[in-house]
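S.K.: This structure is in structure tokens; I'll ask about it shortly.
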Amino acid sequence: MQRRCADPSIELGIISALHDMASSKQHAALVSLGLAGAAVLFAFDPAATSWFPSCPLNALTGWLCPFCGTLRAVHALLRGHVEAAVALNPLTTAGVAAGLAAFTHDAMRPTRPALVDRLVSLAFSAPGLALAAIFGVVRNMR
């Protein structure tokens, strides 16, 4: 026989607390992974290091995909070279700036849903993917 809690709101509160705890562990894991990636990109220049991946689309066609230059742009941002980062990939530079602003906002003033979550869902929505596709076409028109 399963015992039920006398007050259903307590059960919901416990479930909500467990969900928040799992969510915060996921966010902590993502932040840790991001910091580790940033440390690697800070330490090694993707333009001068052979073990960073190259773009398969660029290798096959010579066209720049929307993400070409992303690693080099993030490396430049981590080194404080904003102009170089914008020149390498303006979409990535804007995305990193928006992501840092959203993360800082969420750390200082938590909201539901989190601003970072809304930004990620926007980036992978139809308008976000259309923006990336348009950017990829426009950057190859020069």
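S.K.: Tell me the Kirkwood hydrodynamic radius of the range 38-138 in angstroms, computed as one over the mean inverse distance between distinct C-alpha pairs. Don't skip to the answer; put the middle values down first.
M.R.: Details: mean 1/r = 0.0672 Å⁻¹.
Mean inverse Cα-Cα distance, inverted, gives 14.9 Å.
S.K.: Per-residue HN-Hα couplings for the range 83-92, Karplus 6.51 cos²θ - 1.76 cosθ + 1.60 at θ = phi - 60°, whole Hz, x for Gly and Pro?
M.R.: Values per residue, Gly and Pro as x: 4, 5, 5, 5, 5, 6, 6, x, 5, 5 Hz.
S.K.: If I stretch the segment between Lys25 and Leu60 completely, what's the gain in nm (0.36 nm per residue apart, minus their alpha carbon distance), one decimal?
M.R.: Gain on extension, Lys25 to Leu60, equals 8.6 nm.
S.K.: Using the Karplus curve 6.51 cos²θ - 1.76 cosθ + 1.60 with θ = phi - 60°, what ³J(HN,Hα) values do you get for each residue of the range 58-72, in whole Hz, with x for Gly and Pro?
M.R.: The phi angles translate into 5, 5, 7, 10, x, 7, 8, 7, x, 9, 4, x, 5, 4, 5 Hz.
S.K.: What are the trypsin sites (Lys or Arg not before Pro) within the range 59-140 that DSSP puts in a loop, where the Cβ has at most 14 other Cβ atoms within 10 Å? Intermediate results must be reported in sequence, preceding the final value.
M.R.: Details: sites: Arg72, Arg79, Arg118, Arg139; in loops: Arg79, Arg139.
Listed in order of number, the matching sites are Arg79.
S.K.: Would you mind ranking Phe124, Phe135 by Cβ crowding within 10 Å, fewest neighbours first?
M.R.: Fewest-to-most Cβ neighbours within 10 Å comes out as Phe124, Phe135.
S.K.: Mind giving me the nanometre distance, one decimal, between the label points for Met108 and Ala123, set 7 Å out from Cα along Cα→Cβ?
M.R.: 2.1 nm
The numbers here are math on the coordinates, done by the rules we state, and not lab data. These numbers were taken from a predicted model, which means no experiment stands behind them. Glycine also receives a Cβ, built like all others from the backbone with ideal geometry; neighbour counts cover every protein chain displayed.
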